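Participant: Provided herewith is a single structure, encoded as structure tokens, for subsequent inquiry.
The values are calculated or read from the model by the stated rules, or taken from the named source; none is laboratory data. The shown structure was predicted, so the numbers you read here are calculated from the model rather than taken from an experiment. With ideal geometry, Cβ positions are generated from the backbone for all residues, glycine too; neighbour counts draw on all protein chains shown. With ligands, DNA and RNA removed, areas are computed over all heavy atoms of the protein, side chains included. Shrake-Rupley method; radii C 1.70, N 1.55, O 1.52, S 1.80 Å.
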Amino acid sequence: MISVYNTLTRSKEPLRPIVEGQVSIYVCGVTPYDHAHIGHARPAVVWDAIKRHLRRRGYVVRHVQNFTDIDDKLIRRAAETGESVEAVAARYMAEYQEAMAALGVIPPDFMPRVTDNLSAIIDFVGQLVARDFAYARDGDVYFRVGRMADYGKLSGRDREELRAGARVEPQENKEDPQDFALWKRASADEPGWESPWGRGRPGWHIECSVMSSRYLGPRFDLHGGGIDLVFPHHENEIAQSEAYYGHPSVNVWVHNGLVTLSSVKMSKSLGNGVELLDLLRHYQATALRTYLLSVHYRTPIEFSFEALQDWQTGLGRLQAMWQEVQALGPSSALVGGEWLEDLWGFERRFLAALDDDFNTARAFAECFELVREARRVRAQGGQAAAVAGYLTKVGLAAANEILGFLAPQPGPAADFGSERQEVPTWVSMLLAVRQQARQAGQYEWADRVREALREAGWGIEDGRTESRAIPLRPSRPTQEA
RNA sequence: GGCGGCGUAGCCAAGCGGUAAGGCGAGGGUCUGCAAAACCCUUAUUCCCCGGUUCGAAUCCGGGCGUCGCCUCCA
């Protein structure tokens with residue numbers, strides 16, 4: 001039984017799909033007006049893991065994630081660069097998808113865009129107006145929040161408090177400061193679509209109500225997004241959809257914690273090393289992906305290069321074990337002991353962790369314990385080692401199906417660990433001479449060469465029979481002052 | 001000011017009523033000419049503070065303090 005934390009009820013609930021054996025998911029996507037950054041990757045990676053786990057548990061999953069390809073920020077950006085809104089959106093949508101592919105994210109089954117859903121949006125708004133849930137004023141259309149008695153139920157606000165706190169500047173045209181725009185009049189130089197209320201564009205919230213129901217039906221199982229979207233976005237979405245359908249649309253509201261960036265002086269201006277394509281140049285794609293899964297999805301992550309680096313280091317142990325066992329096959333040896341049951345039980349424990357509100361942090365802990373136990377048994381050698389190795393391979397493969405920490409993903413980022421940087425001739429020649437010196441016992445000279453190479457950016461590892469040169473690189477992007 | 005999180009070893013982080021997962025780091029060890037790499041072992045009598053409930057609390061309740069998010073565009 002899978003349990004999921006529902007923001008609406010503030011408790012974990014058993015997952016009870018509307019249609020037996022199927023799970024429908026809608027996740028709020030991005031507005032492609034700037035580079036994709038680490039914060040955008042979290043919901044994508046988290047939902048990717050959730051989806052893979054649901055599939056592993058036998059559900060047929062239908063997953064929709066939108067692009068908000070028309071909005072004020074996009075219009076502003078287009079004005080700055082002198083491009084069309086479509087061109088700006090297309091560029092950043094492509095970048096986003098490139099980054100997601102590198103992170104091993106299975107694309108959603110549908111990625112609807114607002115601009116492809118205009119007539120449905122206009123119809124939806126028209127219905128709300130016709131039924132008095134909304135009103136038009138000078139080409140704008142507003143939702144009448146006062147019509148919804150339980151407005152505020154998701155975010156735990158009540159209308160009186162909202163009014164008292166009223167930071168919402170009363171807009172001239174609104175009947176009530178809490179009313180929000182379903183449709184916004186477009187000025188002559190802005191993109192717009194013809195509608196019964198004149199030329200305009202959709203408000204921010206309406207798209208999700210329309211597209212979720214269009215692709216998943218008037219009721220669906222899970223609605224995701226960042227915790228920052230709870231108010232006003234999801235609150236308003238609930239108001240619209242429930243006004244339209246007369247019943248709740250969403251079974252379970254699932255919100256991921258944010259990636260906060262205070263330590264890297266994050267602002268919307270970016271350019272500080274947290275852009276995904278930039279990060280992917282300096283860290284393993286698998287490390288970046290799983291760093292976001294190393295913490296429970298509802299816990300906020302205070303991003304730091306150090307924490308990411310530490311995680312990558314630890315992940316290397318899992319990857320090293322995989323390298324060691326991936327060629328092993330089943331054994332005919334009949335061996336066993338307590339360790340056999342431990343290794344055998346891995347997948348059960350791993351999946352149980354994920355059943356519990358998708359606890360990827362605990363799932364990873366199981367992986368590390370699997371590897372440690374396997375190391376212990378393998379150190380003893382013999383048939384037990386072969387059997388333990390094979391079981392570990394099976395376990396890691398199963399875990400990797402969901403968490404995705406092994407296969408380096410194709411993409412702009414060469415995988416840090418697997419990349420074979422070309423060793424220059426002068427280095428290999430020096431290494432060869434040094435090897436002879438070592439065999440002759442001239443260690444003092446050999447040590448000096450090692451030191452000199454280190455300063456030149458090459459680390460030397462002396463093995464039993466040969467020495468290797470490893471490129472030393474900065475482990476993270478240099479930060480601008 | 002209102003609403004919602006969070007505060008667990010040097011750092012990151014699970015656990016959310018039954019007696020502290022996991023990772024990094026650190027210390028010790030195996031291997032090695034040494035070093036590195038790799039691997040093994042060790043590393044919180046205790047969970048921000050003060051009260052309370054309970055046979056029993058990191059976990060529940062009340063009150064503080066700190067911190068983050070939202071209330072305006074944000075994943």
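Participant: Hey, among the residues in region A:17-57 that are part of a strand (DSSP E or B) and open to solvent by 10 Å² or more (accessible area, probe 1.4 Å), which one's modelled with the lowest pLDDT? Talk me through it step by step, then tell me what you get.
Facilitator: Keep residues of region A:17-57 that are part of a strand (DSSP E or B), which gives A:22-30, A:37.
Among the residues that remain, those that are also open to solvent by 10 Å² or more (accessible area, probe 1.4 Å) are: A:22, A:24, A:28-30, A:37.
Working: A:Gln22: 97, A:Ser24: 97, A:Cys28: 95, A:Gly29: 94, A:Val30: 94, A:His37: 91.
Filtering first and then ranking leaves A:His37.
Participant: Given the conditions (1) within 13 Å of RNA strand B (Cβ to nearest atom); (2) in a helix (DSSP H, G or I); (3) under 26 Å from A:His282 (Cβ atoms), and given that A:Arg468 satisfies all but one, which numbered condition is not satisfied?
Facilitator: Result: A:Arg468 fails condition (2) only.
Participant: In addition: Out of the helices (runs of 4 or more DSSP H) lying entirely within region A:278-382, which hold 3 or more residues that are acidic (Asp, Glu) and not assigned by TED's automatic domain parsing to the domain that holds A:Met100? Show your work before the answer.
Facilitator: Working: elements: A:285-291, A:305-325, A:338-344, A:346-355, A:360-379.
Output list reads A:305-325, A:338-344, A:360-379.
Participant: Within region A:302-330, restricting attention to residues that are more than 9 Å from RNA strand B (Cβ to nearest atom) and open to solvent by 60 Å² or more (accessible area, probe 1.4 Å), which residue is nearest to A:Ala287 (Cα to Cα)?
Facilitator: Taking the candidates together, the pick is A:Gln323.
Participant: Does any residue of region A:161-182 turn out to be at pLDDT below 90, more than 29 Å from A:Ile50 (Cβ to Cβ) and buried (at least 22 other Cβ atoms within 10 Å of the Cβ)? Give the steps one after another, and end with the answer.
Facilitator: Just the residues of region A:161-182 that are at pLDDT below 90, to begin with: A:161-178.
Next cut, more than 29 Å from A:Ile50 (Cβ to Cβ) only: A:161-178.
Okay, now just the ones that are also buried (at least 22 other Cβ atoms within 10 Å of the Cβ), so A:178.
Within region A:161-182, one or more residues are at pLDDT below 90, more than 29 Å from A:Ile50 (Cβ to Cβ) and buried (at least 22 other Cβ atoms within 10 Å of the Cβ).
Participant: Could you please give the count of residues in region A:221-256 that are of a type in the set (Phe, Trp, Tyr) and crowded, with 24+ Cβ neighbours inside 10 Å?
Facilitator: Taking region A:221-256 as the starting set, the residues that turn out to be of a type in the set (Phe, Trp, Tyr) are A:231, A:244-245, A:253.
In the following step, the residues that additionally are crowded, with 24+ Cβ neighbours inside 10 Å were identified as none.
Count: 0.
Participant: Here is a further query. Of the numbered conditions (1) touching a residue at least 40 places away in the same chain (Cβ under 8 Å); (2) polar (S, T, N, Q); (3) out of contact with any strand residue (DSSP E or B) (no Cβ under 9 Å at 6 or more places or on another chain), A:Asn236 satisfies every one except a single condition; which is it?
Facilitator: Failing condition for A:Asn236: (3).
Participant: Given the structure, is A:Ile75 farther than 27 Å from A:Ala287 by Cα, crowded, with 16+ Cβ neighbours inside 10 Å, more than 10 Å from RNA strand B (Cβ to nearest atom) and in contact (Cβ under 8 Å) with a residue 40 or more places away in the chain?
Facilitator: On the way: farther than 27 Å from A:Ala287 by Cα: yes; crowded, with 16+ Cβ neighbours inside 10 Å: yes; more than 10 Å from RNA strand B (Cβ to nearest atom): yes; in contact (Cβ under 8 Å) with a residue 40 or more places away in the chain: yes.
Answer is yes for this residue.
Participant: Can you name the residue in region A:145-155 that is in contact with a Phe, Trp or Tyr (Cβ under 9 Å, 6 or more places away or on another chain) and open to solvent by less than 70 Å² (accessible area, probe 1.4 Å) and, of all such residues, is farthest from RNA strand B (Cβ to nearest atom)?
Facilitator: Keep residues of region A:145-155 that are in contact with a Phe, Trp or Tyr (Cβ under 9 Å, 6 or more places away or on another chain), which gives A:145, A:147-148, A:152, A:154-155.
Filter once more, keeping what is open to solvent by less than 70 Å² (accessible area, probe 1.4 Å): A:145, A:148, A:152, A:154-155.
Details: A:Val145: 12, A:Met148: 17, A:Gly152: 8, A:Leu154: 9, A:Ser155: 5 Å.
The selected residue is A:Met148.
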